[in-house]
Each structure stands twice: as structure tokens, then as C-alpha cells.
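Undergrad: Before anything else, here's the structure in question.
The values are calculated or read from the model by the stated rules, or taken from the named source; none is laboratory data. The structure presented is a predicted model; accordingly, all values stated were derived computationally and were not measured. No Cβ is skipped: glycine too gets one built from the backbone with ideal geometry, and neighbour counts run over all protein chains shown. Note: areas computed on protein heavy atoms with side chains; ligands, DNA, RNA excluded. Shrake-Rupley method; radii C 1.70, N 1.55, O 1.52, S 1.80 Å.
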Amino acid sequence: MKKTFALVACALLVAGLAACNADKGPADAAIKAADQAITAAAPEAEKFIPEQLTAAKDALKAAQDQFAKGDYKAALAAATELGTKAQELATAAAAKKDELTKAWTDLSGSLPQMVTAIQAKVEELGKARKLPKGMDKAALTQAQEGLAGIQKSWEEASAAFTGGNLVDAMAKAGGLKEKATEIMGALGLQAPAPAEAPAAPAS
């Protein structure tokens, strides 16, 4: 009887090992595929969604650790899920890039004109013998300093954009249009109306 139980236990162990090893090849292939997909998406993801890229790399490392420990079934499941997430990573990076590109295009289409209008008004008031009602020297100085700050930040943002760093460009340009609008209001200038979204094509 004992010998029979021993044989059964041995058979179950062998069967378990066989089932485990059956997942080894697919798990290895899935991990390699996920690694390649993450590597392909990494350049754009690093620029636009670095946190999601880090999470994907951590998940890949976890799947590799499971494989190294011989837990091929868990490694296969994790790598399969990670393969889908790697594809989503590329899609999310492209979407973020498009979003920032549109924001930059909108800003670069309006801010320079606002700066030009502010500069012309500041120069006009600087040459005036008497400032208009509601405007004093302190307010004019504040507008001049605000203009200088906007110009400096816009130059830095433009340099970042030219260098291919869209995220940094938008970070440096953040809030500049609002500041320009505020200065224009203080100078009695009319800020440009926001651009209207294009009409949807008729179905």
C-alpha cells in the first residue's frame, strides 16, 4: 500500500512538473514579446508619460522574477497582460504628444501677437507726457516687468520646443497667455478672443 501511495505521489509530481514546464516556453516568449513592445514604446513614453513607462518596466521585472523562480504559469499570465499594456503605452504616449502639440500650436498662434500689442502700448505710454486716467507710473513699471518676464519665458519655451522637448516647452510656457491677458487688461487693451473649435463635418 505504501509503495502504491509513493508511486501515485511520484506520478502526480511528474505530472505537475510536466504541466509547469508546458508553460515555460509560452511564458518565455510572452516575456520577450512584452520586453520588445516596451522597448519600442519607451522613447516616446519617456518623454510624454514617464510614470506609466516606469510602471510597465516594474511589471516586466516582476514577470521576469516569477519566471526565474520557476513560476511559469504566473509569469505567463503577467507577461500576457503586460503585452496588452505595452500596446496601450504606445497609444497613450501618442495621444499625449498630440495633446501637447495642439496646445503649443494654439499658444504660438496667439501669444506672440499679444506680446507685440503689449510692447507697443508700453512703449507708447513710456513716451507719453501724461499717463491716461487709471494708469500711474507704478502700474506702467509693473506692466513692463511683466512683459519682460513673459518674453524671457517664451524664449526659453521656444528653445525647448526647437530642441524637441515638447513637455518642457509647455511647462515653461504654462500660464503665459493668462499673464499676457492680465497685463493687456491693465493697459486697457482688448485680449484676443479664444479660437473657436472647427465645426464638425456634416454627416
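Undergrad: I need the full set of residues from region 35-50 which are open to solvent by less than 60 Å² (accessible area, probe 1.4 Å) and in contact with a Lys or Arg (Cβ under 8 Å, 6 or more places away or on another chain), in order please.
TA: Within region 35-50, Ile38, Phe48, Ile49 qualify.
Undergrad: If you go through region 133-149 one residue at a time, do you hit one that is open to solvent by less than 80 Å² (accessible area, probe 1.4 Å), touching a Phe, Trp or Tyr at 6+ places or on another chain (Cβ under 7 Å) and over 27 Å from Ala40 (Cβ atoms)?
TA: The answer is no, given that none of the residues of region 133-149 is open to solvent by less than 80 Å² (accessible area, probe 1.4 Å), touching a Phe, Trp or Tyr at 6+ places or on another chain (Cβ under 7 Å) and over 27 Å from Ala40 (Cβ atoms).
For every residue, the table says whether it meets (1) touching a Cys at 6+ places or on another chain (Cβ under 6 Å); (2) closer than 18 Å to Gln119 by Cα; (3) in contact (Cβ under 8 Å) with a residue 40 or more places away in the chain.
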{"residue": "Asp136", "(1), (2), (3)": "no, yes, no"}
{"residue": "Gln142", "(1), (2), (3)": "no, yes, yes"}
{"residue": "Glu156", "(1), (2), (3)": "no, no, no"}
{"residue": "Gly164", "(1), (2), (3)": "no, no, no"}
{"residue": "Glu182", "(1), (2), (3)": "no, yes, no"}
{"residue": "Leu189", "(1), (2), (3)": "no, yes, yes"}
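Undergrad: Would you kindly identify the helices (runs of 4 or more DSSP H) lying entirely within region 94-186 that contain at least 1 residues that are of a type in the set (Ser, Thr, Tyr)?
TA: Working: elements: 111-127, 137-162, 166-173, 176-186.
Of the helices (runs of 4 or more DSSP H) lying wholly inside region 94-186, those with at least 1 residues that are of a type in the set (Ser, Thr, Tyr) span 111-127, 137-162, 176-186.
Undergrad: Starting from residues that are closer than 18 Å to Phe48 by Cα and surrounded by fewer than 16 Cβ atoms within 10 Å (Cβ to Cβ), keep the ones in region 168-181 and report whichever is modelled with the highest pLDDT.
TA: The first filter runs over region 168-181 and keeps only residues closer than 18 Å to Phe48 by Cα, leaving 168-174.
Checking the rest, the ones that are also surrounded by fewer than 16 Cβ atoms within 10 Å (Cβ to Cβ) come to 171, 174.
Values: Ala171: 93, Gly174: 89.
Among them, the one singled out is Ala171.
Undergrad: Please indicate, with yes or no, whether at least one residue in region 64-81 is within 30 Å of Glu155 (Cβ to Cβ) and of a type in the set (Ser, Thr, Tyr).
TA: Checking region 64-81: not a single residue is within 30 Å of Glu155 (Cβ to Cβ) and of a type in the set (Ser, Thr, Tyr).
Undergrad: State whether the residues of region 14-22 include one that is at pLDDT below 95 and not in a helix (DSSP H, G or I).
TA: Let us first name the residues in region 14-22 that are at pLDDT below 95, namely 14-22.
Checking which are not in a helix (DSSP H, G or I) leaves us with none.
Scanning region 14-22, I find no residue that is at pLDDT below 95 and not in a helix (DSSP H, G or I), so the answer is no.
Undergrad: Then there is this: Go through region 104-118 residue by residue and tally those that are more than 13 Å from Thr181 (Cα to Cα) and open to solvent by 40 Å² or more (accessible area, probe 1.4 Å). It would help to see each step written out before you state the result.
TA: Applying the first criterion (more than 13 Å from Thr181 (Cα to Cα)) to region 104-118 yields 104-106, 108-109.
Among the residues that remain, those that are also open to solvent by 40 Å² or more (accessible area, probe 1.4 Å) are: 105-106, 108-109.
Result for region 104-118: 4.
Undergrad: Continuing with the same structure: Output the qualifying pairs, or none if there are none: Cβ atoms under 6 angstrom, residues six or more apart or on different chains, first residue in region 71-89 and open to solvent by 20 Å² or more (accessible area, probe 1.4 Å), second residue assigned to a loop (DSSP other than H, G, I, E, B).
TA: Pairs that qualify, where the first residue is open to solvent by 20 Å² or more (accessible area, probe 1.4 Å) and the partner is assigned to a loop (DSSP other than H, G, I, E, B), are Tyr72/Asp23; Lys73/Asp23; Leu76/Asp23.
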